[in-house]
Structures are given as structure tokens and as C-alpha cells.
Amino acid sequence: MTTYRQRCGTTTYTFDGLVDLLAKASPERSGDQLAGCAAESDAERAAAQWALADVPLTAFLADAVVPYETDEVTRLILDSHDAAAFAPVAQLTVGGLRDWLLEAAVAPDAAEQLRAVSRGLTPEMAAAVSKLMRNQDLILVARAVQVTSAFRTTIGLPGRFSTRLQPNHPTDDPRGISASILDGLLFGCGDAVIGINPATDSPQAAADLIHLIDDVRLRHDIPAQSCVLTHVTTTIGLIEAGVPVDLVFQSIAGTEGANRSFGVDLSVLREAYDAARSLDRGTVGTNAMYFETGQGSALSAGAHLGTGGRPVDQQTLEARAYAVAREFEPLLVNTVVGFIGPEYLYDGKQIIRAGLEDHFCAKLLGLPMGCDVCYTNHAEADQDDMDTLLTLLGAAGCSFVMAIPGADDVMLGYQSTSFHDALYVRRVLGLRPAPEFEAWLARHGMVDAAGRVRPVDPAASPLRALAGPQ
Amino acid sequence: MSGDVAAQGADFWEPLRRTTQARIGLGRSGDSLPTRHLLEFRAAHAAARDAVHEPLDVAALQAQLDEPAHVVSSRASSRSEYLRRPDLGREPADLFSLPAPPPGSAAGPDLAIVLADGLSARALSDHGAAAYAALRAAMPGLTFAPPVIALQARVALGDHIGAALGARAVLVLIGERPGLSVADSIGVYLTHAPRPGRTDADRNCVSNVHPPHGMSYDAAARIVASLVAGARELGRSGVDLKDTSRDSALDSAPGGDGGELGQ
């Protein structure tokens with residue numbers, strides 16, 4: 001194991017291997033402090049960033065952060081590493097990679113350069129370079145990356161910004177859910193997915209909800225996809241039972257142990273991927289998986305230890321989840337950045353930073369990345385912080401965010417972004433819905449020529465059928 | 001024109017609001033949230049934040065209980081530390097204030113009840129004493145340790161308290177993480193044979209106790225009494241213990257609704 005040393009002022013700091021160095025170089029966050037791996041002072045953090053900047057990228061191929069022998073995510077990362085794609089940056093250090101990315105991001109062929117290197121970068125390399133980057137670097141490079149995915153709509157095209165319509169209900173009441181779907185559609189939301197977190201794990205309840213969304217979609221000829229966010233094994237069963245499943249959902253994490261705590265491994269995800277693809281229900285694309293991630297999930301599961309039994313910082317582990325995701329060509333991936341609570345991300349500053357890091361790392365690694373811009377009531381955060389993160393992510397080319405009535409999820413008990421927030425960010429940044437969805441909105445007179453959603457009288461809209469008999 | 005749309009919209013959404021608590025049909029000021037709804041949201045968030053941060057009025061809670069209560073604090077010395085360090089909230093600062101258990105394992109009480117502030121001291125202030133009384137009344141055949149009020153407490157702090165009292169089982173009544181619409185809900189966690197090192201898989205939880213909107217004290221007490229009896233028969237609580245007193249609304253899996261995952 002390499003020991004890294006860095007002098008900073010009059011003190012020489014020592015870092016015991018890559019795991020320690022990555023953790024100490026991480027911007028401050030409560031989860032790393034809870035895990036006991038954070039820098040103990042700002043000076044130690046600055047020293048770690050200096051030392052990390054000098055680490056050659058090849059070190060990440062030689063020294064696994066989580067042991068290869070005991071972790072299938074590590075084996076996936078190293079076995080699928082593309083040496084040819086890595087070649088343009090193979091001689092660089094972490095600091096050199098930051099400079100290279102910032103140069104590439106302003107080149108005429110930025111998107112091509114960044115796409116070409118994607119499979120040559122490991123999650124640990126992406127996490128490492130992100131620790132050296134300021135927020136504006138994370139935004140600038142992520143914006144230059146172009147990742148598109150498609151099912152019945154196309155996600156991630158330049159100048160587009162999509163939303164997951166999230167009409168959750170504490171008891172899965174179909175009338176209440178339909179009312180929230182109606183409200184969201186009238187605001188032009190739902191072009192990424194109409195996705196429900198069910199209140200129970202019951203397969204029958206999930207099937208009922210999938211049918212509910214599918215009936216709405218077919219009745220109104222909406223180019224959208226449905227998802228009920230239940231466990232992947234439940235969804236596999238629904239597919240076998242002939243339920244009209246569009247997207248297959250699963251929460252994933254960056255270690256084998258954390259994934260096991262979610263009740264999944266790579267082979268189960270492979271089975272789900274094959275089942276989803278077999279349905280072939282997409283019209284403009286075949287991406288059929290939907291993953292959620294979030295910093296802190298591995299620590300929460302007690303599955304955050306890496307090489308030498310040391311705790312790995314939560315942002316590096318989060319980036320490793322993206323290696324799992326990209327194996328299965330998802331339509332959508334999002335970090336649920338502020339959901340986990342203040343013991344992992346304490347306040348608005350930490351949530352904003354983490355949201356930008358997650359978006360950058362995922363985009364760089366080739367994922368259609370969105371973000372659940374959110375917070376809980378015991379975190380030091382409020383809607384002003386969410387406005388900031390939403391605006392920054394819009395500038396960074398984020399693929400999609402959540403759209404929830406009044407930003408208040410009455411089932412999960414947290415606050416995310418609203419229908420109004422989606423109109424806001426599209427307005428200030430000149431962004432439009434996914435093209436297929438915008439064309440549908442236009443056919444119903446719901447958008448103007450610039451793709452902006454008009455105020456609509458619900459009683460005069462054909463969608464009013466969603467409200468049931470009046 | 002926009003005023004007309006808003007007026008029609010108000011009528012249109014009214015019946016739909018009876019189907020969901022979601023904030024539907026809010027209308028638009030341009031692309032944005034109308035002032036009234038902005039202020040409603042802020043007020044709800046402020047209530048939830050205050051519920052997290054207001055300290056428990058220990059004297060008032062003691063006065064509501066019919067018998068003297070002991071007071072224990074966790075190792076978390078402030079609210080800020082409590083929120084950052086759930087591990088400290090699971091461990092007692094000290095247990096000197098508790099009475100020593102009677103000699104001999106057979107002599108201990110059947111049940112200890114801990115009233116914990118958790119993430120909402122307001123919830124405990126509003127519902128703690130009444131829920132405590134309902135629980136006592138629902139289990140007339142059992143012997144009880146004196147009640148314990150626990151400050152800056154997570155669920156697992158009850159394992160230390162139950163063990164120190166020599167109790168065969170412990171119930172932790174704890175303030176749940178406040179939501180935007182409900183800031184005063186308590187959960188009740190059962191741990192059979194409590195001792196340090198128990199995990200969430202060893203517990204059963206009844207959550208969302210906050211009459212009149214949530215579960216009533218008596219309904220919660222009936223379910224808990226059934227779980228306590230089941231655990232005494234089975235010899236353990238947790239994932240193997242199923243509630244047979246009702247069909248749903250039980251989080252037999254660990255965690256519950258209290259933001260208490262990973263406790």
C-alpha cells in the first residue's frame with residue numbers, strides 16, 4: 001500500500017493508501033465524519049487534495065479501493081475497463097485529468113472527446129478528480145457531456161429538460177394518484193417517466209398502479225413511460241405475469257454488500273435487464289432500466305469498508321454505483337441527494353455540493369443522470385437551497401428532476417421539486433420538454449411555439465377524464 | 001383571463017382534494033407558485049423544523065405521568081450533535097439515575113417503557129403520556145418498571161435502559177421525523193430481551209400514532225399488547241414476529257416511519 005505525504009504550511013500530513021487519501025480529500029460532509037474517515041482539519045483536507053492531484057490515474061487500476069476478491073462491483077469496474085478509451089489520459093495524474101477535462105469541455109468536439117474517454121475512466125478516477133474541482137468545474141464539464149437515452153421519449157438532448165411526474169399517495173388511492181397525474185400533465189410534467197413509489201410491497205398493488213398509468217397513457221396517446229418503484233424481483237414477477245411493465249426500477253449502491261442490503265446483486269439486475277428488454281415496449285429507444293442512488297447508502301448498510309478494512313468516503317462509493325448502472329443501459333438514473341438525512345449530508349451546502357458531484361461523475365461515466373433535488377425536515381436546508389441546486393443542475397445539463405404537487409411528497413414525507421419548479425428552470429434557462437412529449441403537448445394546445453406550458457382550464461381539457469366523473 | 005382560469009380551477013380541484021393530501025391545483029402566478037401557497041408551505045416547514053429543534057419540556061411531561069419518571073440522556077450533548085451522530089444517540093451518557101434491577105433474573109419487571117424525544121419532542125409532549133397510559137391499561141397482567149424519559153434519544157438507547165432495569169422487554173415511545181403535514185407523530189418500538197447490540201431486525205414497530213388524524217392510542221396499545229404477548233411466547237421480537245391483531249399498517253420490518261433507519 002502506498003503511503004502519501006504532503007507538506008502544507010509547517011505540517012507534513014501522511015495518508016495511508018488511496019482509500020485514506022480519497023476520504024481526506026473529500027469536501028466536508030457529515031457522513032464521512034460519521035464513518036470516521038473525514039479530514040480532521042481544513043489544512044489536512046487541502047494537503048490531501050494536493051497529494052491526490054499528483055496521483056497517476058494508473059494507480060486506480062493497480063490499487064482497488066474495495067478489494068477485487070471480495071466485491072463484485074470492483075470486479076465489474078476493473079474487468080470492463082476499456083484500455084483503448086483510457087489511452088488519451090493514461091499518462092495523466094488526477095490533477096492533470098482536471099485540466100484535460102476543462103480543456104476538452106471547451107473544444108469544438110467536446111461531446112465526442114468526453115464520450116470517447118468515458119469507458120476508460122473508472123468511478124474512482126471520476127470521484128478523485130471531482131474532489132479537486134470547484135462547483136463551476138463540475139457544472140462546466142457535465143454540461144459538455146452529452147448522454148441521450150430513449151424509450152417513448154428521448155432524454156438528455158441539448159436544450160431539453162425532463163421531469164419525473166411523481167404522484168405518490170399514502171394509501172395508493174387510485175383517485176388521489178390520478179388527480180396528481182392530471183395536475184402534473186397540465187403543467188407539462190412527466191416526460192422522463194410517470195413514476196410512483198408504492199405505499200406497500202404488494203405485487204398486486206404494483207400491478208394495479210402500472211395498469212392505472214398505462215390506461216391513462218393509452219387513452220390520451222401520451223408519449224411517456226410508466227414505472228412503479230418496487231423491488232426488482234417483484235417487477236420481474238409482474239413481467240412474467242403479463243403486466244404491462246415499461247421501466248424496471250431498482251435502488252443500487254457502490255459495494256456488493258450495500259447492494260445485498262437492497263436485496264440485489266449483478267445477476268439479479270442482469271435478469272431484470274433481460275426481462276425488461278424482452279418486452280420491447282419502447283417506440284423511440286430500448287433503454288428500459290431506472291436506477292436510484294444516493295451518497296451514504298453503503299454506510300447506512302454497514303457495507304462501506306474498503307481495502308485494509310478502512311471506511312471508504314461516501315462520494316467515491318456513490319460513483320461506484322454508476323458502474324453498476326451503466327452496465328444495464330438505463331433510461332434514467334438519479335441520485336436522491338437530500339433524502340438520506342443530516343447524518344450524511346448535513347445542510348444545504350453539503351446537499352448542493354453532493355448533487356453537483358453525483359451529476360458530474362455519472363455524466364462523465366456515460367449515464368443519463370437526473371437528480372431528486374430534495375431535503376428532509378431535520379436537515380439544515382430549505383426551498384432556497386433547492387432553488388440553488390435546481391438552477392445549477394439546469395445549467396449543468398441535468399437530464400431530469402422530480403415533479404411533485406407543491407414539492408411535498410405526502411407518501412415519503414420529504415420535499416423535492418414541484419411542477420412550478422420545472423416551469424421555472426425551463427423558463428430561466430430556455431429549456432424545453434423532451435421532443436416527443438412537447439409535440440403531444442402542442443397537439444393539445446398546452447404549449448406555445450417556444451415550448452412553454454400555457455395555463456390551461458382543466459375543465460376544458462380532454463385530460464379532465466383523469467378526474468373521474470364530475 | 002388568468003383570473004378566470006384560476007376561479008374555474010378552484011371549483012374543479014375542490015372535489016379532487018378529498019382524494020389526496022397532495023398539494024394539487026395550486027394555480028399559477030406566471031410560471032410560479034401563488035403567494036398564498038408559498039406562505040402555506042413555509043408555515044408547514046417552519047412547524048416541522050420547530051418540532052425537530054424544540055427541546056422537550058421534561059417537567060411538563062413528568063407532571064402528565066401518573067408516577068415518578070426517571071430521566072436519562074444519550075451521549076449526544078446537543079441537537080446538532082444528535083442529528084449528525086446517530087451513534088451517540090443510541091448510547092447513554094450514564095444510567096446512574098435508574099434503580100438497580102432486583103437480584104435474580106426472574107425478579108425483573110415484564111416491561112420497561114421509555115419515552116424518548118427522538119426527532120420530535122413535540123410529538124412526545126402531545127401524545128407521550130396518553131399513549132403511556134393506554135399501553136399500561138392494555139396489559140393489566142404484566143409488571144412494569146418505572147417510566148424513563150430519554151433525551152436526545154434514538155430507539156436503541158432503550159436497549160441499554162431495558163437491560164439496566166432488568167426488564168424482559170422494552171417499549172420505546174419516540175417522536176418520529178416530522179413531515180410537512182404531520183409534525184407530532186410517535187412510533188412505538190418493541191424489543192424483547194433488550195441488551196446493547198440489538199439491531200433493527202430484533203424490533204417491531206407501530207408508527208403514525210397521532211390521534212385524531214393518525215392511529216389512536218387504544219388501537220396502538222392493542223397492537224403493541226398483541227406483539228408483546230407474541231414475543232413472550234416466541235421468545236424474541238423482530239422479523240420473525242408477526243402481528244396477528246390486524247391486517248395492515250404494521251411495520252413488522254425494522255425502521256418504521258420515524259426516520260429511524262439504521263438505529
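The values are calculated or read from the model by the stated rules, or taken from the named source; none is laboratory data. Bear in mind that the values here come from a model prediction, so they are computed numbers and not experimental data. Every residue, glycine as well, gets a Cβ built from its backbone with ideal geometry; the counts of neighbours run over all protein chains shown. Ligands, DNA and RNA are stripped out before the accessible areas are found, and what is left, the full protein with its side chains, is counted by its heavy atoms. Shrake-Rupley method; radii C 1.70, N 1.55, O 1.52, S 1.80 Å.
Count of the range A:140-158 residues, restricted to those that are over 28 Å from A:ARG217 (Cα atoms) and buried (at least 22 other Cβ atoms within 10 Å of the Cβ), is 3. Which residues, taken from the range B:106-121, are crowded, with 24+ Cβ neighbours inside 10 Å and assigned to a helix (DSSP H, G or I)? Once the filter is applied, which keeps residues that are crowded, with 24+ Cβ neighbours inside 10 Å and assigned to a helix (DSSP H, G or I), the range B:106-121 yields only B:ALA121.
Taking B:ARG177, is it part of a loop (DSSP other than H, G, I, E, B), open to solvent by 10 Å² or more (accessible area, probe 1.4 Å) and either in contact with a strand residue (DSSP E or B) (Cβ under 8 Å, 6 or more places away or on another chain) or charged (D, E, K, R) (or both)?
yes
Only one of the listed residues (A:ILE177, A:ILE181) is open to solvent by less than 10 Å² (accessible area, probe 1.4 Å), over 23 Å from A:ASP109 (Cα atoms) and free of Cβ contacts under 8 Å to residues at least 60 places away in the same chain. That residue is A:ILE177.
Scoring A:THR171 on the criteria (1) touching a helix residue (DSSP H, G or I) at 6+ places or on another chain (Cβ under 7 Å); (2) open to solvent by 10 Å² or more (accessible area, probe 1.4 Å); (3) of a type in the set (Val, Ile, Thr) leaves a single failure, condition (1). Does the range A:313-354 hold any residues that are open to solvent by less than 10 Å² (accessible area, probe 1.4 Å), without any contact (Cβ under 8 Å) to a residue 60 or more places away in the chain and of a type in the set (Val, Ile, Thr), and which are they? If the condition is that a residue be open to solvent by less than 10 Å² (accessible area, probe 1.4 Å), without any contact (Cβ under 8 Å) to a residue 60 or more places away in the chain and of a type in the set (Val, Ile, Thr), then A:VAL333, A:THR335, A:VAL337, A:ILE351 are the ones that fit. When the helices (runs of 4 or more DSSP H) confined to the range A:215-304 are screened for residues that are open to solvent by 10 Å² or more (accessible area, probe 1.4 Å) and β-branched (Val, Ile, Thr), those reaching at least 1 such residues are found at A:232-240, A:266-279.
The helices (runs of 4 or more DSSP H) found entirely in the range A:381-470 that carry 3 or more residues being at the interface with chain B (Cβ under 9 Å from one of its Cβ atoms) and crowded, with 18+ Cβ neighbours inside 10 Å are A:419-429. Taking the range A:10-37 as the range and being at pLDDT 95 or above, surrounded by fewer than 22 Cβ atoms within 10 Å (Cβ to Cβ), away from chain B (no Cβ under 11 Å) and part of a loop (DSSP other than H, G, I, E, B) as the test, the residues that pass are A:PRO27, A:GLU28.
What do you reckon, is A:LEU157 among the aliphatic types (A, V, I, L, M), in a loop (DSSP other than H, G, I, E, B) and touching a Ser or Thr at 6+ places or on another chain (Cβ under 7 Å)?
yes
Scanning the range B:180-224 for residues that are open to solvent by 20 Å² or more (accessible area, probe 1.4 Å) and under 21 Å from B:ARG168 (Cβ atoms) turns up B:HIS192, B:ALA193, B:ARG195, B:PRO196, B:GLY197, B:ARG198, B:THR199, B:ASP200, B:ALA201, B:ASP202, B:ARG222. Of all residues assigned to the range A:91-109, none qualifies as being surrounded by 19 or more Cβ atoms within 10 Å (Cβ to Cβ), under 22 Å from A:PHE291 (Cα atoms) and either in contact with a Phe, Trp or Tyr (Cβ under 9 Å, 6 or more places away or on another chain) or within 14 Å of another protein chain (Cβ to nearest Cβ) (or both).
Considering the range B:78-96, and only residues there that are in contact with a helix residue (DSSP H, G or I) (Cβ under 8 Å, 6 or more places away or on another chain) and part of a loop (DSSP other than H, G, I, E, B), the residue that is nearest to A:ALA379 (Cα to Cα) turns out to be B:ARG85. Here A:GLY242 qualifies as free of Cβ contacts under 8 Å to residues at least 24 places away in the same chain and more than 20 Å from A:GLU327 (Cβ to Cβ).
Let's see how each residue does on (1) over 18 Å from the mean Cα position of the chain (by Cα); (2) over 28 Å from A:SER300 (Cα atoms):
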| position | (1), (2) |
| --- | --- |
| B:LEU56 | no, no |
| B:ALA63 | yes, yes |
| B:SER73 | no, no |
| B:SER77 | yes, no |
| B:SER80 | yes, no |
| B:PRO86 | no, no |
| B:GLY89 | no, no |
| B:PRO92 | yes, no |
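Condition (residue is in contact (Cβ under 8 Å) with a residue 60 or more places away in the chain, open to solvent by 40 Å² or more (accessible area, probe 1.4 Å) and closer than 20 Å to B:ASP57 by Cα) applied to the range B:131-150: is it met by at least one residue? Yes: the range B:131-150 contains one or more residues that are in contact (Cβ under 8 Å) with a residue 60 or more places away in the chain, open to solvent by 40 Å² or more (accessible area, probe 1.4 Å) and closer than 20 Å to B:ASP57 by Cα.
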